[in-house]
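The values are calculated or read from the model by the stated rules, or taken from the named source; none is laboratory data. This is a predicted model, so every value here is computed, not measured. Quick reminder, even Gly has a Cβ in these numbers, built from the backbone with ideal geometry, and neighbours come from all protein chains shown. For accessibility, only protein heavy atoms count, side chains too; no ligands or nucleic acids. Shrake-Rupley method; radii C 1.70, N 1.55, O 1.52, S 1.80 Å.
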Amino acid sequence: MAVASGVVAQPLFRAPVGTRDILPPESVRRRRLVSVFADLADRSGFELLESPIFEELGVFQRLGANNDVVTKELFEFFDKGDPPRHLALRPELTASVCRAFAEHRPTVPWKIWYSGPQFRYERPQAGRYRQFDQVGVETLGTDDPYADVEVIGLGVRFYEALGMRQVRLQINSLGDAESRPAYDAALADYLQNRRGELSEQSRVTLERNPLRVLDSKREQDQPVIAAAPVMADFLSGASAEHFVAVKAGLDSLDAAYEVSPRLVRGLDYYTRTTFEFVADALDTAQNAVGGGGRYDGLVEELGGPPTPGIGFALGVDRILLACDAEGAFGGASPPVQVFVVDVAGGLNAAVLCDRLRQAGLGVDRAFGGRSMKAQMKRADRSGASVAVIVGPDEQAAGTATVRDMRPGGGQRQVPEPEVVVAVAEMLAGAAP
Ligand code: AMP
């Protein structure tokens, strides 16, 4: 309670469980990662879609009634409408992209990329958060197997562009509406027969969605999973042909992959191609750094016309953890090129910073009338190549000293109006 003196110990708030502040320099590195992805996606004909961070609950419910992401992990809430609307923070972006497609009916193929935070109420642990970032692409309106190859190839090239060397691509086909029912029935039969050998959790999963039992990482389930029927034996002619074309396409790009017959992935809506990117540098529990697949029925589920689609989402947080483990994509480049040191007081530093920034340079300064020594230390730490120094002598003479901070660099005293040009020349010149 507030007391008259106004001195009360305030509670120390922390970021909510499962979330965290991404502080510099990690935040800078993360933004660089997104620009590497954006550049690759732009150059591949994908365009940015920005959709709302929350949607009507129903949008996500279309992802499947047996899906943990929908049944257990949604952050749902009611707004203040009358009647209130039932909304949810997005747990992933494919549903939003399909909802946007159904709403706007763009011409196809619609090639979209995205990046941003997703929310899942999961048990937090290393590499698993309640708010995490994804980047992704989706191609809607074509079932050409080479669209699958383009999407998967983009993922492969992205990890390469980050300098990652220990990412494996696993692919599988889940068949289509024609091949799935026979497989689902055979799998359910098989698992029911060996029910007694399964872990308790997998027995529960079996009742809800037999396919998801194949996702189990529990030791006890592995012998049963290893001998389970595989989709490959049940593929329809069309699905089998599609899968052959995707594999041939990846071969022709020299994109290495493993066919992983039991890869089913978490979300229920996948048909035909599914894939996952696995980082060997991470612990097996959280080593999926991305994944995706074809979802030929989702747009229709959301009220749109029958529209095939293929896409992926890559987990930014985990990719950065894997980069750390591999020693890849390190070192944020210093954005500051020039540091203005003003020991004369007054407005020189403010004016010089403004002029240098207007000239397009990265510029920082110190505050609070610190000593020359303290300010030069800051300048050093900023990573700037050039310091602009204004002392009492310079101020009196209407000049500034422009100093090359790189080893062996010299300095010049120039009239104030010429500072921008002198700095640009010094930056452009080879480091002495
Ligand atoms: P999904 O949409 O489940 O296929 O997830 C795609 C990728 O997002 C995964 O491969 C992970 O890299 C990442 N991801 C999913 N859930 C989380 C989470 N709770 N925390 C951090 N990353 C996640």
For the chain, dividing by residue count, accessible area per residue (probe 1.4 Å) in Å² works out to 49 Å²
Chymotrypsin sites (Phe, Trp or Tyr not before Pro) within region 133-209: DSSP coil, no more than 13 neighbouring Cβ in 10 Å: none
Per-selection Rg to Rh, region 267-380 - Cα, Kirkwood hydrodynamic radius: 1.33
In degrees, nearest 10, range 0 to 90: what is the angle between the Cα axis of helix 145-161 and the longest Cα principal axis of the chain? 40 degrees
Of Gly311, Gln411, Leu250, which is farthest along the charge dipole of the chain in the positive direction, counting Lys and Arg as +1 and Asp and Glu as -1 at C-beta? Gln411
Nothing charged except the Cβ atoms of Lys and Arg (+1) and of Asp and Glu (-1): what's the magnitude of the dipole of the chain about its Cα centre? Round to the nearest 20 debye. 1480 debye
Checking the a/c ratio against 1.5 first, then a/b against b/c, what shape does the Cα gyration tensor give for region 65-113? oblate
Neighbour-limited loop hits for chymotrypsin sites (Phe, Trp or Tyr not before Pro), region 9-107 (at most 16 other Cβ within 10 Å; DSSP other than H, G, I, E, B): Phe13, Phe75
Within region 1-71, report the trypsin sites (Lys or Arg not before Pro) that DSSP leaves as loop and that have at most 12 other Cβ atoms within 10 Å. Arg14, Arg43
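Determine, for each peptide in 168-181, 80-93, the mean count of other beta carbons within 10 angstrom over its residues, then list the peptides with the highest first.
The peptides rank, most packed first, as 168-181, 80-93.
For region 1-60, what is the Kirkwood estimate of the hydrodynamic radius, computed as the reciprocal of the mean inverse distance between distinct Cα atoms, to one decimal in Å?
Numbers: mean 1/r = 0.0601 Å⁻¹.
Here the Kirkwood hydrodynamic radius works out to 16.6 Å.
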Per-residue ellipticity at 222 nm attributable to helices in the chain (runs of n ≥ 4 DSSP H, -39500 (n - 2.57) apiece, nearest 500 deg cm²/dmol) works out to -10500 deg cm²/dmol
How big is D, in µm² s⁻¹, for the chain by Stokes-Einstein at 4 °C and 1.567 mPa s if Rh is the Kirkwood radius over C-alpha pairs? 51 µm²/s
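Between rounded, prolate and oblate, where does region 25-147 land on the alpha carbon gyration tensor, with a ≥ b ≥ c its root eigenvalues, rounded for a/c under 1.5, else prolate if a/b exceeds b/c?
oblate
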Rounded to the nearest 10, the angle in degrees between the Cα long axis of helix 180-193 and the longest principal axis of the Cα atoms of the chain comes to 80 degrees
Pulled fully out, how much extra length does the chain show between Arg157 and Ala38, if you take 0.36 nm times their separation in residues and subtract their Cα-Cα distance? 41.6 nm
C-alpha center-to-center spacing [region 63-141, region 161-215] in angstrom: 23 Å
With a 1.4 Å probe and every protein chain kept in, tell me what percent of the accessible surface of region 273-351 is carbon plus sulfur. 54 percent
What does the convex hull of the Cα atoms of region 201-249 come to per residue, in Å³, rounded to a whole number? 104 Å³
How large is the convex hull of the C-alpha atoms of region 155-274 per residue, in Å³? 115 Å³
Could you tell me, in Å, what Rg and Dmax come out for the Cα atoms of region 236-334? 16.5, 55
How do Ser35, Ser252, Ser216, Ser44 rank by accessible surface area computed with a 1.4 Å probe, from largest to smallest? Ser252, Ser35, Ser44, Ser216
Shape call for region 297-350 from the C-alpha gyration tensor, a ≥ b ≥ c root eigenvalues: rounded (a/c under 1.5), prolate (a/b greater than b/c) or oblate? oblate
For Ile310, net neighbour charge (Lys/Arg +1, Asp/Glu -1) across residues whose Cβ lies under 12 Å away: -3
Compute the helix-to-body angle for 419-428: its Cα long axis versus the longest principal axis of the chain, expressed 0 to 90° and rounded to tens. 50 degrees
